[in-house]
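S.K.: Input: one structure, supplied below.
The values are calculated or read from the model by the stated rules, or taken from the named source; none is laboratory data. Here the structure is a predicted model, which is why all the values come from computation and not from measurement. Virtual Cβ from ideal backbone geometry, glycine too; neighbours counted across all protein chains shown.
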Amino acid sequence: MPSTTPLGQRLLRRKPVETLIAESAGNGGAGQLRRSIGLWQLSAIGIGATVGTGIFFVLSSAVPEAGPAVVLSFVLAAVTAGLTALCYAELASAIPVSGSSYSYAYATLGEATAFGVGVCLLLEYGVSASAIAVSWGQYLNKFCQLAFGLTIPDWLAQPPGDGGIFNLPAVVLVAMVCLLLVRGAGESAKVNAIMVGIKIVVLALFVAVGLTGFHTNNLHDFMPLGWSGVGTAASGIFFSFIGLDAVSTAGEEVRDPRRTLPRAIIISLLVVTLLYVAVAVVAIGAQPWQKFDGQEAGLAQILQDLTGQTWPALVFALGAIVSIFSVTLVVIYGQTRILYSMGRDGMLPARFAQVSARTGTPVWNTVVVGLAVATLAAFVPLDILTDLTSLGTLCAFAVVSVGVIVLRRRSPELRRGFKVPGYPVTPLLSVGFCVYLIRGLQPLTFIFFGVALAIAAAAYFGYGIRHSRLERATDASAVPERTFG
């Protein structure tokens, strides 16, 4: 029977915070995720999803846009990410559930906005995993060249548009990640924590060796393309910070989430920003900025050029292979948890909310996400994937910042383990920085984004609005009681 509730009310209906938290309670039972992740493992998820997302390959596209001033681009992207991270920390401590900004939007801005944010997160996690998988093949190729003198042919190691036909290494990477995720969140988090340690050591190696070839002459003509170039580069570089909100996707699998979630978000931000700025400064000082354009496995190549030996580049390429595996692992993990939350809310078919009784993981989600990510990585060029990821991420981040303001006004009494300092200026600045970076993306990105939103609207009005749990609850309360006699 068609709903009698006006369309406007259906689009704006919100899911009470108490309901979200109640649904996440009782973990360990059928259909529930298990709380098995502590502070270090959760911080490693944030660091693992972020470091390696772009730093291993983004310089080849960002430096030609900004020149040596790309360092300022990293700072600008880091400030934007930092402002938003504070907003995430407050909402994560107030609403410690899976789903990240999708769940926060459902509680603050309404169902239609939440579904749209869910699509932005699909772009952030699913598309970024594809972009990361593409770059993994570049470092795998570099390692094979240095270690064995072998080169994977471009037609088998690059997507169409980048000189190839089918990116086989990317598909292999996604398959390995999905097999690990199916085994369980706890096991995946432990493996990721080890890989995070490896990637920090590898980037520290790059900084140490790179400093030996640092030349201040490479910094001259610091801003050859002006401030507009800095802003444009920052828009693309923001791709490198997307993993920070992966921490909040684990809200239902974290022990003591009100304390652990905000701490892990802030720890991740500090570690990531320090590493990124250090790597950017050293890379710019070690090589003329004109040489970055189109350079594959660029950081490994810089080490090889500086030392004249293969072993530093070989070690770095191997570390990059491990690091990018770690990022892909966490990003696909985050995507599956968002689909789990949407399935539990009835916005997607119920199968997306099914959890394996043996492993406590959403196996169906993992298979679906793995197939989609592998397909994109195999056939779509890298630059399109990175810009789509940045746009989806920035939109989701802006919604979270607005959500902080809305929740403060609507539920001032709600228990919060962390509060944004400088409220309301901080969330407003976060929104402003996000909008500024969105303006710097290439026009083609907005066309693809519009297509994605059109598909989302069709999915929501064709399925989600009629099957959401709030819709069923409204219809049930509207049915009059039957009387007999």
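S.K.: Which one of 282, 271, 254 is surrounded by fewer than 24 Cβ atoms within 10 Å (Cβ to Cβ), in contact with a Leu (Cβ under 8 Å, 6 or more places away or on another chain) and of a type outside the set (Ser, Thr, Tyr)?
M.R.: Every option except 282 fails the conditions.
S.K.: Filter region 346-375 for residues that are buried (at least 24 other Cβ atoms within 10 Å of the Cβ), aliphatic (A, V, I, L, M) and within 18 Å of the chain's Cα centre (by Cα) and give the result.
M.R.: 369, 373
S.K.: If you take the residues of region 348-390 that are aliphatic (A, V, I, L, M) and over 21 Å from residue 175 (Cβ atoms), which of them is modelled with the highest pLDDT?
M.R.: The residue in question is 348.
S.K.: Next question. Would you pick out the residues in region 340-382 that are in contact (Cβ under 8 Å) with a residue 24 or more places away in the chain, in a helix (DSSP H, G or I) and farther than 29 Å from residue 158 by Cβ?
M.R.: Listed by number, the residues that qualify are 340, 341, 342, 344, 353, 363.
S.K.: Would you mind telling me which numbered condition in (1) over 30 Å from residue 171 (Cβ atoms); (2) among the β-branched types (Val, Ile, Thr); (3) in contact with a helix residue (DSSP H, G or I) (Cβ under 9 Å, 6 or more places away or on another chain) residue 393 fails?
M.R.: (1)
S.K.: Further question on the same structure: Whether any residue in region 313-333 is more than 16 Å from residue 134 (Cβ to Cβ), of a type outside the set (S, T, N, Q) and more than 27 Å from the chain's Cα centre (by Cα) is what I want to check.
M.R.: Yes, the conditions are met somewhere in region 313-333.
S.K.: Same structure again: Which residues, counting only those in region 436-485, are over 30 Å from residue 62 (Cβ atoms), basic (Lys, Arg) and at pLDDT 85 or above?
M.R.: 466, 469, listed by residue number.
S.K.: What do you reckon, is residue 130 over 23 Å from residue 264 (Cβ atoms), at pLDDT 90 or above and of a type outside the set (A, V, I, L, M)?
M.R.: It is false that residue 130 is over 23 Å from residue 264 (Cβ atoms), at pLDDT 90 or above and of a type outside the set (A, V, I, L, M).
S.K.: Can you pull out the residues in region 40-95 that are in a loop (DSSP other than H, G, I, E, B) and among the small types (Gly, Ala, Ser)?
M.R.: Hits for region 40-95 are 52, 54.
S.K.: Show the residue pairs meeting these rules: Cβ distance below 8 Å; 6+ apart or different chains; first residue within region 89-113 and on the phi > 0 side of the Ramachandran plot; second residue part of a helix (DSSP H, G or I) and of a type in the set (A, V, I, L, M, F, W, C).
M.R.: What qualifies is 99/338; 99/342; 100/121; 100/246; 100/338; 100/396; 110/11; 110/12.
S.K.: Quick check: is even one residue across region 124-131 among the β-branched types (Val, Ile, Thr), in contact (Cβ under 8 Å) with a residue 24 or more places away in the chain and within 18 Å of residue 103 (Cα to Cα)?
M.R.: The answer is no; no qualifying residue exists.
S.K.: Let me ask something else. Of the residues 210, 229, 236, 197, which is within 24 Å of the chain's Cα centre (by Cα) and buried (at least 17 other Cβ atoms within 10 Å of the Cβ)?
M.R.: 236
S.K.: Select from region 97-122 the residues that are buried (at least 24 other Cβ atoms within 10 Å of the Cβ) and closer than 30 Å to residue 319 by Cα and list them in ascending order.
M.R.: Listed by number, the residues that qualify are 100, 121.
S.K.: Applying the selection to region 257-268, what residues are out of contact with any Pro (no Cβ under 8 Å at 6 or more places or on another chain) and either charged (D, E, K, R) or buried (at least 24 other Cβ atoms within 10 Å of the Cβ) (or both)?
M.R.: Correct list: 259, 260, 262, 263, 264, 265, 268.
S.K.: May I pose another question? Please list, ordered by first then second residue, the pairs with beta carbon atoms under 7 Å, 6 or more apart or interchain, first in region 1-28 and at positive phi, second surrounded by 13 or more Cβ atoms within 10 Å (Cβ to Cβ) and modelled with pLDDT under 80.
M.R.: The qualifying pairs are 26/32; 28/34.
A quick yes/no check of all residues on (1) part of a helix (DSSP H, G or I); (2) under 18 Å from the mean Cα position of the chain (by Cα); (3) in contact (Cβ under 8 Å) with a residue 12 or more places away in the chain:
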residue: 384; (1), (2), (3): yes, yes, yes
residue: 390; (1), (2), (3): yes, yes, yes
residue: 409; (1), (2), (3): yes, no, no
residue: 416; (1), (2), (3): no, no, yes
residue: 420; (1), (2), (3): no, no, yes
residue: 423; (1), (2), (3): no, no, yes
residue: 430; (1), (2), (3): yes, yes, yes
residue: 434; (1), (2), (3): yes, yes, yes
residue: 447; (1), (2), (3): yes, no, no
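S.K.: Counting just the residues of region 376-418 that are farther than 29 Å from residue 259 by Cβ and among the acidic types (Asp, Glu), which one comes out surrounded by the most Cβ atoms within 10 Å (Cβ to Cβ)?
M.R.: This residue is 387.
S.K.: Every residue in region 96-114 that is of a type in the set (Val, Ile, Thr) and part of a helix (DSSP H, G or I), please.
M.R.: Result: 108, 113.
S.K.: Of all residues in region 134-185 being crowded, with 18+ Cβ neighbours inside 10 Å and of a type in the set (Phe, Trp, Tyr), which is modelled with the highest pLDDT?
M.R.: 143
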